[in-house]
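Undergrad: Sharing a structure with you now.
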Amino acid sequence: MAIINVTPDSFSDGGLHDSTEAAIAHALACVDSGAQILDIGGESTRPGAAPVSPEDEMARVLPVIAGLRDRTDALLSIDTYRARTAQAAIEAGAHIINDVHGLQREPDIAAVAARFGAGLCIMHTGRGREKRADPIEDQRFFFGRSLAIAKDAGVASETIMLDPGFGFAKDTVEENMALLARFEELHDLGLPLLVGTSRKRFLGNITGRDAAERDAATAATTVALRLKGASVFRVHNVAINRDALAVADAMLSAARHIEAAGNAQI
């Protein structure tokens, strides 16, 4: 999943693709690099970012979606928590709704997903609430509420992915790394897992590098999380993460063959 920020103020690439033409060109370049999903957002989610109006958000993203829908076979995702924007984006050609508030800011967004049969990515966040001390317990608590909203709205479970929300009110390196280390416990939720570690601040704290220089660290987390069962990777640099996934998948394949050979000898 390639990150397509049509924003002037995103933490890593704000202003680089904030025109329709630049965003479309960047998205198509990401497809050439191997992206299978394009996640298009019109409002920065970095801490302290200025909110935008629904009208401004739609003015940024809808022309990009319309410009891409007939130019690529990649799935188009709308990165929004607003039900109005989500519906307009689906009508413009988007296939997936990616909500960083996990349906809990505007619950009507779940009804939009259900009505159109759209894919739905539900992200965990700790912003604006008191978190449980145990990170996995907090994930289960939050997703329990979100999945109840989705069920009540009639969202089909097979359309849902969950995102543990690395960096979203996970304020320390230790909290993010604990979530990474215990990631496999989230499989108990029974749904595919999407991850977004790309260029996040905790990687900068570990490496000492600025946001634009964190792609190697991102790729390291991509390998670690693939080995722990993550299915979708939301990234800025598609090529380096595709390479990282190729290596991780080759190792997983080798491990399966070794296990199968061992079982055959028993």
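The values are calculated or read from the model by the stated rules, or taken from the named source; none is laboratory data. Please read these numbers as outputs of a predicted model, since none were measured by experiment. Cβ: placed from backbone, ideal geometry, glycine included. Neighbour counts: every protein chain shown. Accessible surface is based on the protein model in full, side chains and every heavy atom, while ligands, DNA and RNA are left aside. Shrake-Rupley method; radii C 1.70, N 1.55, O 1.52, S 1.80 Å.
Undergrad: Restricting segment 36-50 to residues that are assigned to a loop (DSSP other than H, G, I, E, B) and hydrophobic (A, V, I, L, M, F, W, C), which is surrounded by the most Cβ atoms within 10 Å (Cβ to Cβ)? Full working, then the answer.
TA: Applying the first criterion (assigned to a loop (DSSP other than H, G, I, E, B)) to segment 36-50 yields 36, 42-50.
Right, trim to hydrophobic (A, V, I, L, M, F, W, C) and you get 49-50.
Values: Ala49: 14, Ala50: 8.
Across segment 36-50, the extreme among qualifying residues is Ala49.
Undergrad: Could you pull out the residue among Leu203, Leu194, Leu147, Leu186 that is aliphatic (A, V, I, L, M) and touching a Cys at 6+ places or on another chain (Cβ under 9 Å)?
TA: On the way: Leu203 fails: touching a Cys at 6+ places or on another chain (Cβ under 9 Å); Leu147 fails: touching a Cys at 6+ places or on another chain (Cβ under 9 Å); Leu186 fails: touching a Cys at 6+ places or on another chain (Cβ under 9 Å).
Of the residues listed, the single one that is aliphatic (A, V, I, L, M) and touching a Cys at 6+ places or on another chain (Cβ under 9 Å) is Leu194.
Here's the yes/no breakdown for (1) surrounded by 16 or more Cβ atoms within 10 Å (Cβ to Cβ); (2) assigned to a helix (DSSP H, G or I); (3) free of Cβ contacts under 8 Å to residues at least 40 places away in the same chain; (4) on the phi > 0 side of the Ramachandran plot:
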| residue | (1), (2), (3), (4) |
| --- | --- |
| Glu185 | no, yes, no, no |
| Leu203 | yes, yes, yes, no |
| Ala224 | yes, yes, no, no |
| Ala248 | yes, yes, yes, no |
| Arg256 | no, yes, yes, no |
| Glu259 | no, yes, yes, no |
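Undergrad: Got a sec? Which of Ala86, Ala74 is under 22 Å from Asp32 (Cα atoms), modelled with pLDDT of 95 or more and crowded, with 18+ Cβ neighbours inside 10 Å? Steps first, please.
TA: Working: Ala86 fails: under 22 Å from Asp32 (Cα atoms).
Result of the check over Ala86, Ala74: Ala74.
Undergrad: When the residues of segment 98-122 are narrowed to those that are under 19 Å from Pro51 (Cα atoms) and either free of Cβ contacts under 8 Å to residues at least 12 places away in the same chain or among the hydrophobic types (A, V, I, L, M, F, W, C) (or both), which ends up surrounded by the most Cβ atoms within 10 Å (Cβ to Cβ)?
TA: My answer is Ile109.
Undergrad: Which one of Gly154, Gly229, Gly165 is on the phi > 0 side of the Ramachandran plot, touching a residue at least 40 places away in the same chain (Cβ under 8 Å) and open to solvent by less than 10 Å² (accessible area, probe 1.4 Å)?
TA: Details: Gly154 fails: open to solvent by less than 10 Å² (accessible area, probe 1.4 Å); Gly229 fails: open to solvent by less than 10 Å² (accessible area, probe 1.4 Å).
Within the list Gly154, Gly229, Gly165, the selection yields Gly165.
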